[in-house]
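I have placed the structure first, in the form of structure tokens, so that the comments after it can refer back to it.
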Amino acid sequence: MDVLASEVASQIELHREHGGVVPELASRNHSLHLRPLVEQALGHAGVSVSQIDAFAATTGPGLASSLLIGSTAAKAMACAARRPFLGINHLEGHLLSPFVRETRVPPHLALIVSGGHTLLLDVTAAGRYEKLGGTRDDAAGEAFDKVGKMLGLPYPGGPEIEKLARHGNPAAWDFPRSMVHDPHLDFSFSGLKTAVLYTLQRESGNLSAADLAASFQQAVIDILIAKTLQATRRTGRRIVALSGGVSLNRALRDACRRACEQAGLELVVAAPELCTDNAAMIAFAALLRHLAGEASPLEEDIHPNLPLV
Ligand code: KG4
Ligand code: ZN
């Protein structure tokens, strides 16, 4: 697929002073920015509304008020243009994002690591997914954000921890790698988060924040890689696809690349601009469904807790 335009109205600055996402602010800003953003996208793409074959929006999972604004706008455009509407699962957007510029979605093992989810899935083809494992407590991105907060870093903590960790020793602290030796494919990050908190409290002020960030980040990377390799052994898949906001992390990408090379696996990672939330990945998921003859009824509701499978 060709991405003609991909516009993002980031709200990071807006939510930063509150230390996290404020739903009321998020939806108000969605409604303020949506129309100019659509016009900007049409301008950059050089297409008119009448040239668009189908309209799509995320219908879940996510914040109800934000989902309502996006899906209502896409439905209204679809209705006015007499074209189909497709309600897309946000996680399917992430899952397919490494393949946006590829010619096909091959059978593979998918690891989605975002602010709200950590998921391992066996993918037979686009639309055919089997969940192998997920987090039992915090998502990987959530753990980054919470540890960022403990260290007094700005929201979101993920990119800040990555920056800090570049100057730290990842072996300075031996934090727990929960569940890595268990036979199941689930994740747990809350023990790691608590271990970081206790270390901070115990060492009050006498420790290097960079060492702590690097050691925490290394533990997350080790857990993610251990479970992913375990899943490839179980499924026999030879391709691993990494997606979601946390997959922007350079140390994680490099470690995954090394681990996959060693195990003789191919690694496909989403382009950096497609890792964090974006409309292009939703459009790609919609395109594949549209080409398969699918459409959603205009009555389709939003689903704040929608699972992928
Ligand atoms: O996929 P995403 O944009 O939104 C969700 O669907 O949740 O992911 C956002 C998450 C946040 O938790 C953020 O801290 C994390 O991705 N993140 C990172 C990095 N960049 C974003 N985590 C670690 N290292 C990064 N460089
Ligand atoms: Zn996301």
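The values are calculated or read from the model by the stated rules, or taken from the named source; none is laboratory data. All values reported here derive from a predicted model rather than from experimental measurement. Ideal geometry is used to build each Cβ from the backbone, glycine not excepted, and the neighbour counts take in all protein chains shown.
When C260 is tested against (1) within 12 Å of ligand 1 (Cβ to nearest atom); (2) in the same structural domain as G157 (by TED's automatic domain parsing), only condition (1) is not met.
Helices (runs of 4 or more DSSP H) fully within the range 231-309 that include at least 3 residues being within 25 Å of P170 (Cα to Cα): 250-262.
Across the range 109-132, what is the number of residues that are among the small types (G, A, S), away from ligand 1 (no atom under 11 Å from the Cβ) and surrounded by fewer than 21 Cβ atoms within 10 Å (Cβ to Cβ)? Step through it out loud before you land on a result.
We begin by selecting, within the range 109-132, every residue among the small types (G, A, S); these are 110, 114-116, 125-127.
Imposing the further condition that a residue be away from ligand 1 (no atom under 11 Å from the Cβ) reduces the set to 110, 125-127.
Imposing the further condition that a residue be surrounded by fewer than 21 Cβ atoms within 10 Å (Cβ to Cβ) reduces the set to 125-127.
Going through the range 109-132 one residue at a time, the tally reaches 3.
Cβ-Cβ contacts under 9 Å between residues 6 or more apart (or on different chains), taken from a first residue in the range 142-154 that is under 18 Å from N249 (Cα atoms) and free of Cβ contacts under 8 Å to residues at least 60 places away in the same chain to a second residue that is of a type in the set (D, E) and part of a helix (DSSP H, G or I), are listed as G148/E160; L153/E160.
When you check E160 against the structure, is it within 11 Å of ligand 1 (Cβ to nearest atom), charged (D, E, K, R) and closer than 21 Å to A241 by Cα, yes or no?
Working: within 11 Å of ligand 1 (Cβ to nearest atom): yes; charged (D, E, K, R): yes; closer than 21 Å to A241 by Cα: no.
No, not satisfied.
Taking the conditions (1) farther than 19 Å from L252 by Cα; (2) surrounded by fewer than 17 Cβ atoms within 10 Å (Cβ to Cβ) in turn, D186 satisfies each one other than (1).
Contact annotation: residue pairs with Cβ atoms under 7 Å, 6 or more positions apart or on different chains, pairing a residue in the range 235-257 that is within 14 Å of ligand 1 (Cβ to nearest atom) with a partner that is in a loop (DSSP other than H, G, I, E, B) and among the polar types (S, T, N, Q), are G244/S114; G245/S114; G245/T276; V246/S114; L248/T276. Summed over the range 193-217, residues that are surrounded by fewer than 18 Cβ atoms within 10 Å (Cβ to Cβ) and either acidic (D, E) or not assigned by TED's automatic domain parsing to the domain that holds T135 (or both) total 1.
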